[in-house]
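Each value in this text was obtained by applying a stated rule to the coordinates, not by laboratory testing. Note that this is a predicted model, so its numbers are computed, not measured. Here the Cβ is made from the backbone with ideal geometry for all residues, glycine too, and neighbour counts use every protein chain on show.
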Amino acid sequence: MFDYCCHPKSGDEIVAFLHKGKAHVHHKLCQHASHMIEDGEPMLFIRWVAQNIFHYHLIVSMHNAKGALAGFLTHLAKLNIEINSIELGKEKEEHVQLCELDFHSAEGDLNRLRAKIEQKIKVIQFIRTDDAYRKD
């Protein structure tokens, strides 16, 4: 986990220290990390993993029922989807509501990801927001 004192960005030089069984990651130029190195704190080997992350915008139609959102979010978690924002409650009809999400995933194939999501819910709109060739 990243420590509170610094926030390294992907690709920055980083160091990690073992504290109570957990790795605490610091930017290499962090003063707190420098003091820990000087004090001889146990260190771990750590490096960034190159991974493509794709950003999406999704609008779905869901039943306005207890537990519907929780079930849908559980399905997304099983697909390793990381939600950035969610807006719920734009009513379509009395028993149906729209849910709008921005998220990212390691899955770059929009059609494959859409098929997996549609196993659980009705998709209204689904686009990759980091696609330079998409039409607005």
Contour minus end-to-end for Val96 and Tyr4, with contour as 0.36 nm per residue of separation and end-to-end as the Cα-Cα distance?
28.9 nm
Sort Arg114, Arg47 so that the residue with the fewest other Cβ atoms within 10 Å of its own Cβ comes first and the one with the most comes last.
Arg47, Arg114
Which entry in [x] 31; [y] 16; [z] 43 matches percent of Cα pairs over 27 Å apart derived from the coordinates of this structure?
[z]
Taking the simple approach of a point 7 Å from Cα along Cα-to-Cβ for both Val49 and Lys120, what is their distance in nm?
2.1
Which links in Lys9/Lys120; Lys66/Lys122; Lys22/Lys116 stretch past 24 Å when you go from one Cα to the other?
Lys9/Lys120; Lys22/Lys116
Compare Asp102, Asp39, Asp12 in a GNM of the chain, Cα atoms joined below 10 Å, and give the one with the largest fluctuation.
Asp39
Region 1-80: chymotrypsin sites (Phe, Trp or Tyr not before Pro) in DSSP coil with no more than 10 other Cβ atoms inside 10 Å:
Tyr4, Phe45
Full-extension gain between Ile59 and Ser85, please, as 0.36 nm times their residue separation minus the C-alpha to C-alpha distance.
8.2 nm
